[in-house]
1. I'd like the residue in segment 17-43 that is polar (S, T, N, Q) and not in a loop (DSSP other than H, G, I, E, B) and, out of all such residues, is nearest to Ala75 (Cα to Cα).
2. Please pick out the residue among Ile63, Ile27, Ile89 that is of a type in the set (A, V, I, L, M, F, W, C), surrounded by fewer than 10 Cβ atoms within 10 Å (Cβ to Cβ) and either touching an Asp or Glu at 6+ places or on another chain (Cβ under 9 Å) or at pLDDT below 85 (or both).
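The values are calculated or read from the model by the stated rules, or taken from the named source; none is laboratory data. These figures come from a predicted structure and were not determined experimentally. Glycine also receives a Cβ, built like all others from the backbone with ideal geometry; neighbour counts cover every protein chain displayed.
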Amino acid sequence: MIHTAKLTAKYQVTLPRAVRQRLRAQIGDTVLYRETDSGEVVLEVVPSTTADQLLGRLSGPHIVYVPLAEARRQAQDEQANGHHPPRSIS
């Protein structure tokens with residue numbers, strides 16, 4: 001299926017409704033543009049999560065702080081490699 005959107009003077013694009021629904025995109029989510037080895041651009045949605053929500057879910061003595069940019073890079077690398085290696089907590 002093909003959908004179109006116009007690029008604005010500020011280089012912004014509004015995602016068509018069908019694309020937003022397919023990606024389950026919500027206001028505040030981040031849209032990740034990932035280029036494949038073949039040159040295709042793939043859109044992915046990174047849901048927005050507040051720090052309070054994260055702190056409420058992540059409680060316990062073995063939680064290791066990782067800056068958000070680093071966590072995203074690691075997740076992108078893992079996704080690009082097609083696997084999620086186990087992590088050890090020390």
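1. Initially, segment 17-43 is screened for residues polar (S, T, N, Q), giving 21, 26, 30, 36, 38.
With the extra rule that they be not in a loop (DSSP other than H, G, I, E, B), the set shrinks to 21, 30.
On the way: Gln21: 23, Thr30: 14 Å.
Among those that are polar (S, T, N, Q) and not in a loop (DSSP other than H, G, I, E, B), it is Thr30.
2. Working: Ile63 fails: surrounded by fewer than 10 Cβ atoms within 10 Å (Cβ to Cβ); Ile27 fails: either touching an Asp or Glu at 6+ places or on another chain (Cβ under 9 Å) or at pLDDT below 85 (or both).
Criteria check complete, one pass: Ile89.
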